[in-house]
Amino acid sequence: MHGLISGMICGGNDDSSWLPLLHDLTNEGMAFGHELAQALRKMHSATSDALQDDGFLFQLYLPDGDDVSVFDRADALAGWVNHFLLGLGVTQPKLDKVTGETGEAIDDLRNIAQLGYDEDEDQEELEMSLEEIIEYVRVAALLCHDTFTHPQPTAPEVQKPTTQLRYTKNKKRKESVMSDISRQEFQRRRQALVEQMQPGSAALIFAAPEVTRSADSEYPYRQNSDFWYFTGFNEPEAVLVLIKSDDTHNHSVLFNRVRDLTAEIWFGRRLGQDAAPEKLGVDRALAFSEINQQLYQLLNGLDVVYHAQGEYAYADEIVNSALEKLRKGVSRQNLTAPATMIDWRPVVHEMRLFKSPEEIAVLRRAGEITALAHTRAMEKCRPGMFEYHLEGEIHHEFNRHGARYPSYNTIVGSGENGCILHYTENECELRDGDLVLIDAGCEYKGYAGDITRTFPVNGKFTQAQREIYDIVLESLETSLRLYRPGTSIQEVTGAEVVRIMVSGLVKLGILKGDVDELIAQNAHRPFFMHGLSHWLGLDVHDVGVYGQDRSRILEPGMVLTVEPGLYIAPDAEVPEQYRGIGIRIEDDIVITETGNENLTASVVKKPEEIEALMAAARKQ
């Protein structure tokens, strides 16, 4: 509270409105109890007196004592500064316009609020640095007070800390610019798109809007994959404009949100316009709030605009408004509107289909993390647990390894639920003797993992389960052997996988008749009703043309899943022991020059290996 109160006082709040404002900022507008209100009034009075004292007696209220570590004090300082800036911002709404020494001090306070520490740091050195930073914050607060209130004794000169600070930016803070794909790669992608554009054209690529979950609560923000592909920028209210004047001249413009102290304290950091060119490699950045005044000027005189019409209503409105301004100004203002609009998605999605070495490295890590999560689920599984318990174990493992979110809704289907392809309720009890099918993948640095494993809840396959499992496993292993440049999903599915499945089902008495005739009749479709593979990348079902019946020839750099499955409905007219068994096994591969690399091979799939893993986990 002291940082918040200090900020309001330093921002010029000199009346009784500070307490209701404090209610709004910290207690959802509700008044504090009598004792707390009295304590806060005393704190406010003492702080106000200290700030106005000729001897500059003002001090920060921070935890102290032998039992308080330097790391705890550093965290407390960052919190104090954040609250100070919030209090300052609500009383000085144009804080970003402040210049001179006070403006520099405010910028420094913003940086201090974002700093963390390296726990391996020498504590004595950190203590010395921390004391100097605390003194700097104290004097910066006095300077703000001197600037924003009636003239008071001149504040002491603000001296920036001279000790070499061993602080590092907090590795846990959310970055609006994702890492692991280099700035140079994003620039190469933009250039590759420009080279396919017509001279005298502009491509407009819009960020995803935020999505409301309920009332004033929003879903975690997920950037549009195409926008991310060209920017690596993870903020809403942004537009990338790529302008190609002719075959030798082009430039890039990013519209993004302005820095806003109050909004950033409440909702998170923003990159702003000053930092965007260096961080993202664009030529310049403009305020998104000014897009209606700026975009039509950028499009003036061009012949073609590339725009994904129909993707976002807000984007269509912005583009149509800019074009309408140009059309209306043709005669009066000598403006010229582009005559042609082209959808850029077919070109971009073909680009995205072929992964670069940097992308493959990120996808490989997404596969590794996803594999670790599936291994954990096998190790933790016990009869009597619920499906959502395994879902929690999987997400826990994602988070442990730096993957904050799943790449799609996690499927944990036990027993008959395994026969529902996209079952996501995940609320049933895991029963002894049942199988559990888990289809789950993490999203790492924007890229998707996608693995499915099916295993026995009690750690031991029944004979019927094993018989179905072996058919699916043979289908997977055969596919992994056959996928290489020059083949297609259609070829591998039709020539090998379907025959393996039909032959296996005939042997078990689930299908009856001649294998070739059954294949011609697609007799397997009631039991294997989905495709063998799909593209994988920034989206779990990634973009790119498959060709008719998935006949596109595979080439190096393509990444895809391999996921055969068999699902015997509970009411199917088959031998009773097979009813209600649903099995899918899925790996992720990248096509190489000579074959393929399995990105998810580190999680076991052979039945005996699964049983051994689960047995070992139960002994621990």
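Evaluated with a Cβ-only charge set (Lys, Arg +1; Asp, Glu -1), the chain carries a dipole of roughly 1500 debye about its Cα centre, given to the nearest 20.
Here segment 537-619 is assigned +1 on the Cβ of each Lys and Arg and -1 on the Cβ of each Asp and Glu. Its dipole about the Cα centre then comes out at about 280 debye. An oblate overall shape is assigned to segment 175-226, the ratio a/c of its alpha-carbon gyration tensor axes (a ≥ b ≥ c) being 1.5 or greater and a/b not exceeding b/c.
Ranking A615, N596, S488 by how far each Cα lies toward the positive end of the dipole of segment 477-620 (charges on Cβ) leaves A615 at the top. Each of M341, M529, M197 was scored by other Cβ atoms within 10 Å of its Cβ. Arranged with the fewest first, they read M529, M341, M197. Computed over the chain, the per-residue total of -39500 (n - 2.57) for DSSP H runs of n ≥ 4 gives a 222 nm mean residue ellipticity of -13500 deg cm²/dmol, rounded to 500. Averaging the Cα positions of each part gives two centres, and for segment 26-94 and segment 444-487 these lie 58 Å apart.
Restricted to Cα atoms, segment 24-108 shows a radius of gyration and a Dmax of 15.5, 42 angstrom. Each Lys and Arg contributes +1 and each Asp and Glu -1, all at the Cβ; summed about the Cα centre of segment 183-351, the dipole is approximately 220 debye. Each of C144, C442, C428, C419 has some number of other Cβ atoms within 10 Å of its Cβ, and from fewest to most they run C428, C419, C144, C442.
For R525, R189, the sequence from fewest to most other C-beta atoms within 10 Å is R525, R189.
Subtracting the Cα-Cα distance of A275 and D72 from 0.36 nm times their residue separation leaves 70.0 nm of extension gain.
Highest mean packing comes first when the peptides 207-214, 471-478 are listed by Cβ atoms within 10 Å, giving 471-478, 207-214. Scaling against 2.2 N^0.38 Å puts the C-alpha radius of gyration of segment 226-273 at 1.43. Expressed as a fraction of 2.2 N^0.38 Å, the value expected for a compact globular protein of N residues, the C-alpha radius of gyration of segment 354-619 is 0.97. Between helix 607-619 and the chain there is an angle of about 50 degrees, using the helix long axis and the longest principal axis of the Cα atoms.
For the chain, taking the reciprocal of the average inverse distance between every pair of different Cα atoms yields a Kirkwood hydrodynamic radius of 28.6 Å. Here's the picture: charge each Lys and Arg Cβ at +1 and each Asp and Glu Cβ at -1 in segment 310-433, and of H349, G367, S407 the one pushed furthest to the positive end of that dipole is H349. Using 1/(1 + (r/R0)^6) with R0 = 60 angstrom and r between the beta carbons of D303 and Q59, what's the FRET efficiency to the nearest 0.05? The calculated FRET efficiency here is 0.40. When the Cα positions of H422, T147, P526 are compared along the charge dipole of the chain, P526 comes out farthest toward the positive end, with charges on each C-beta of Lys, Arg, Asp and Glu.
For K619, the aspartates and glutamates whose Cα falls under 15 Å of its own Cα, not counting residues fewer than eight places away in the same chain, are E379, E611.
For D246, project a label point 7 Å along Cα to C-beta. Then give me every residue of segment 194-228 with its amide nitrogen under 11 Å of that point. So the set is 200.
Of the Cα atoms belonging to segment 17-68, the radius of gyration and Dmax stand at 13.9, 38 Å. Normalised by the number of residues in the chain, the mean separation of alpha-carbon contacts (under 8 Å, six or more apart) gives a relative contact order of 10 percent. An oblate overall shape is assigned to segment 463-620, the ratio a/c of its alpha-carbon gyration tensor axes (a ≥ b ≥ c) being 1.5 or greater and a/b not exceeding b/c.
Partners of K97 within straight-line reach, counting aspartates and glutamates whose Cα lies under 13 Å from its Cα and excluding those fewer than 8 residues away in the same chain: D107, D260.
Applying a DSSP loop filter and a limit of 12 other Cβ atoms within 10 Å to the GluC sites (Glu not before Pro) in segment 506-585 leaves E573.
Against the longest principal axis of the chain, how steep is helix 357-380, in degrees 0 to 90 to the nearest 10, with axes from Cα atoms? So the helix axis and the longest Cα principal axis differ by about 70 degrees. Can you bin segment 407-470 into rounded, prolate or oblate? Criterion: square roots of the alpha carbon gyration tensor eigenvalues sorted a ≥ b ≥ c, rounded for a/c under 1.5, prolate for a/b above b/c, oblate for the rest. Here segment 407-470 falls in the prolate category.
Pairs K380/K605; K94/K325; K460/K507; K325/K445: which exceed 28 Å Cα-Cα? Cα-Cα > 28 Å for K94/K325; K325/K445; rest within. Note on segment 183-351: Rg/Rh from C-alpha atoms, Kirkwood Rh, equals 0.97.
Read-outs throughout are calculated quantities, based only on the coordinates presented, and are distinct from any laboratory measurement. Because the structure is a prediction, the values reported are computed rather than measured. Every residue, glycine as well, gets a Cβ built from its backbone with ideal geometry; the counts of neighbours run over all protein chains shown.
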